[in-house]
Protein chains: 2
Amino acid sequence: MRAEVITVGSELLLGETVDTHSAYLSRECFSLGVEVVFHTSVGDEQARLMETIERAHGRSQLVFLCGGLGPTLDDLTKETLSAFLRIPLIQDPVVVKHLERYFQGRSQNIPSNNYKQTYVFEGGVVFHNANGTAPGLAVSKEDVTYVLLPGPPRELIPMFEQQVRPFILATFSGGQAMVSEALSFFGIGESLLEETCKDLIQAYDNPIIATYAKEAGVTLRLTARAATELEARELIAPIKREVLKRAGDYCYSEQEEPLEEVVMRALIQHGKTIAVAESCTGGLLSHLFTSMAGSSQAFMGGVVSYSGFSKEKVVGVPEEVLKRYGTVSAQTAEALAEQVQTRFASDFALSVTGIAGPDEAEGKPVGLVFIGFKEASKPVRVYRLQLRGSRRRIQLQAAKQACFILQQRLKKGETTR
Amino acid sequence: MRAEVITVGSELLLGETVDTHSAYLSRECFSLGVEVVFHTSVGDEQARLMETIERAHGRSQLVFLCGGLGPTLDDLTKETLSAFLRIPLIQDPVVVKHLERYFQGRSQNIPSNNYKQTYVFEGGVVFHNANGTAPGLAVSKEDVTYVLLPGPPRELIPMFEQQVRPFILATFSGGQAMVSEALSFFGIGESLLEETCKDLIQAYDNPIIATYAKEAGVTLRLTARAATELEARELIAPIKREVLKRAGDYCYSEQEEPLEEVVMRALIQHGKTIAVAESCTGGLLSHLFTSMAGSSQAFMGGVVSYSGFSKEKVVGVPEEVLKRYGTVSAQTAEALAEQVQTRFASDFALSVTGIAGPDEAEGKPVGLVFIGFKEASKPVRVYRLQLRGSRRRIQLQAAKQACFILQQRLKKGETTR
């Protein structure tokens, strides 16, 4: 079954409001086994709205119309659909009573234009609005069902959950269960991951296998349909195992989530702490670790040693190391990790020093990055990277790579315990 | 002139990604005097994309297509438009070179499917992608211009700002000059700024005056059309002066740019240096300062003292201050700023300590933040804030407020010299 979402309101086309309803309803439809094929946003303008409805009528069986159910003159969703379907609007005494009670409780007179909201489709369905004055509506003609919902999220979402979802299940039964599972990867590009799984992607359409490039990392999603949820999961399981067999080294989570959160959670679970010394990432690594609530349990702190002076005087990197090897060197990364682990008395320490660009320095190229990883009572391990792209990208990749090194260590710890 | 935005990607129709590009491009178009009349989201599916393009072709003069420019099999925006317009795609040697440089530095071979991204419209325009491998493209036929942009926001937004906005201004001025000037504000909400300038916004349509809430701060944009660029600027000048007369205290730049860049530039110009001590912002303030190229000239470094231990042992806040007043206190903010300025030997120092949430601490409410500002040989000034919103928002607002305090100081310095 095909569905589409039409959101109505000039504020959308002026860019004042970001349309979140289309994504919300699409997620909900997906979990009900309903495929959403289009989202359209259109202004409070009758001719363009009519054109949009007409198009939807020809290609979908379920059409959501969000917004334009208010009391004012420019709210015309219901009126336009009524004109298109040639189904009249009639006053609903139950809605009138609700409206009167709504204003009574607020000791206000009912503005006369609010009565516009008491008109509903003849022969249609009315969804009571517990959080506002505009009822939701459903009406069908020629095998197309329209569901009209009020624009404000705090009205639309509870109405959907309590009344519209059961309505859709009852109206469009015979739907199958649909299940979607994600794998999160780092250290492998989207195209390489796709190439690694190309034969699977091409061979299967249930589950559907799709990759999505994130700001750092790649998500692979497997989506299956079957008679029951269990059967759908059973369709996914063997393909997922095969993907992990091929690219599991790069998979940091069997959910869609940021790498730093996986690391932070693992640290907290193991009761371990981390401290960092950052040069070229300039605080970004600390920021990633501390963006998660509860990170203070594991994150002891860090030093952003942006100048040679601070590397020497604040962190305590020996002057001779800085002089002999430069601030961007394996030796400096080693000393930074060593020092910061001692100073913050943490279990682990990470250091990052490199050249974020745009200009090279110390005769070393933009994108050269050294990451030091220290584990109490073990020698520091140093990793050398050559990253590409903008300054921002180099900083992000370097910080995420540091997270990945720690994550790999924590993962290994899990399996060897 | 009418425009519309088409976003392409199955992740949109699955509800995994909220479409923010349509709102972004609509705001930008509005400020350029271009009316956006439809947003459409469509999946990675050629027949439906073709249908969407065909419809747009018949009713708009400018069509944005976002996403579907990646290297993989399901990226087919460019190919579908090429088939619809019957304009061939040809390999662009400049894009090939960019792609090769991009992968070279990563010591990776170019996955063969990435070469797909080097094909551009014959006779079209190519927008260089500084942050990824997919170039932006523009092509015109039958008085309709298509602008194709890569899906990731960190690629799309800089590309729009640096290359597409000037392209649109040059292509659609209709013989007239169109000029757009921005003012950047901090510390005043969008609605208050709008109210302050309401009579101007209502009285003028040349220049158009529009406000946009940013993640932190507000931008006000004035866009004028006239026979020449000079005349357009002359239309803007008196209105701009009037806006600055009313709200100039909150204006930190007469361009659209991040606050931290203005601060960093001013520090470099004055030959001054800064160091920071961060608690609740967890490295974000350092990250903001170091995201600008050249920041090492002025940013000496910082300490992220996330634990009480590190505040005492690493930064040197006296134990009695922490015990008596707590880590979130004016006294701790003062000691942090004092200590970090000494340790990094900087001209200025900022400290931030507070409760980012989600839970309160030390019996103090979420959002309580103290910022210390130290200037060599002067006592520390401490500012107390009560911020609202999510953890992420509190961290961002606190870090930006610290920037604003420094910016105000540097601005004062300029005028009293």
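Given the condition hydroxyl-bearing (Ser, Thr, Tyr), in a helix (DSSP H, G or I) and not assigned by TED's automatic domain parsing to the domain that holds residue B:143, answer yes or no: does some residue in the stretch B:189-212 qualify?
Yes; the residues of the stretch B:189-212 include at least one that is hydroxyl-bearing (Ser, Thr, Tyr), in a helix (DSSP H, G or I) and not assigned by TED's automatic domain parsing to the domain that holds residue B:143.
Which numbered condition in (1) farther than 26 Å from residue A:84 by Cβ; (2) at pLDDT 95 or above is the only one that residue A:179 fails?
(2)
Determine whether residue B:135 is of a type outside the set (Val, Ile, Thr) and closer than 23 Å to residue B:257 by Cβ.
No, not satisfied.
Among (1) of a type in the set (A, V, I, L, M); (2) facing another protein chain (nearest Cβ under 7 Å); (3) over 23 Å from residue B:221 (Cβ atoms), where does residue B:36 come up short?
Of (1) of a type in the set (A, V, I, L, M); (2) facing another protein chain (nearest Cβ under 7 Å); (3) over 23 Å from residue B:221 (Cβ atoms), only one is false for residue B:36: (3).
With the requirement that a residue be loosely packed, with under 15 Cβ neighbours inside 10 Å and within 27 Å of residue B:136 (Cβ to Cβ), what does the stretch B:172-196 give you?
The answer is B:174, B:175.
I'd like to check something: does the stretch A:121-129 contain any residue that is in contact with a His (Cβ under 9 Å, 6 or more places away or on another chain), within 27 Å of residue A:59 (Cβ to Cβ) and surrounded by 15 or more Cβ atoms within 10 Å (Cβ to Cβ)?
no
Across the stretch B:314-344, what is the total count of residues that are of a type outside the set (Lys, Arg) and in contact (Cβ under 8 Å) with a residue 60 or more places away in the chain?
Of the residues in the stretch B:314-344, 5 are of a type outside the set (Lys, Arg) and in contact (Cβ under 8 Å) with a residue 60 or more places away in the chain.
Which one is farthest from the other protein chains (Cβ to nearest Cβ) among residues in the stretch B:288-306 that are free of Cβ contacts under 8 Å to residues at least 12 places away in the same chain and over 18 Å from residue B:343 (Cα atoms)?
Per the criteria, the residue is B:293.
Which of the residues that make up the stretch B:30-55 are aliphatic (A, V, I, L, M), more than 28 Å from the chain's Cα centre (by Cα) and farther than 22 Å from residue B:119 by Cβ?
None - no residue of the stretch B:30-55 is aliphatic (A, V, I, L, M), more than 28 Å from the chain's Cα centre (by Cα) and farther than 22 Å from residue B:119 by Cβ, so the list stays empty.
For the stretch B:401-414, enumerate the residues that are over 15 Å from residue B:352 (Cβ atoms) and either hydrophobic (A, V, I, L, M, F, W, C) or not in a helix (DSSP H, G or I) (or both).
B:410
Of all residues in the stretch A:197-221, which are within 17 Å of residue B:68 (Cα to Cα) and surrounded by fewer than 17 Cβ atoms within 10 Å (Cβ to Cβ)?
Residues satisfying the conditions are A:214, A:215.
Taking the stated definitions as given, is residue B:80 more than 9 Å from chain A (Cβ to nearest Cβ), of a type in the set (Val, Ile, Thr), closer than 16 Å to residue B:6 by Cα and out of contact with any strand residue (DSSP E or B) (no Cβ under 7 Å at 6 or more places or on another chain)?
yes
Residues are listed down the side, and each one gets a yes or a no for (1) within 21 Å of residue A:30 (Cα to Cα); (2) in contact (Cβ under 8 Å) with a residue 60 or more places away in the chain; (3) not assigned by TED's automatic domain parsing to the domain that holds residue B:207:
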residue: B:10; (1), (2), (3): yes, yes, yes
residue: B:19; (1), (2), (3): yes, no, yes
residue: B:26; (1), (2), (3): no, no, yes
residue: B:35; (1), (2), (3): no, no, yes
residue: B:40; (1), (2), (3): yes, no, yes
residue: B:44; (1), (2), (3): yes, no, yes
residue: B:67; (1), (2), (3): no, yes, yes
residue: B:84; (1), (2), (3): no, no, yes
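Within the group A:4, A:28, which residue is at pLDDT below 90, within 19 Å of residue A:165 (Cβ to Cβ) and within 11 Å of chain B (Cβ to nearest Cβ)?
Answer to the check: A:28.
The values are calculated or read from the model by the stated rules, or taken from the named source; none is laboratory data. On a predicted model such as this, the values are computed, not experimentally measured, just so you know. Using ideal geometry, Cβ is built from the backbone for each residue, glycine included, and neighbour counts are taken over all protein chains shown.
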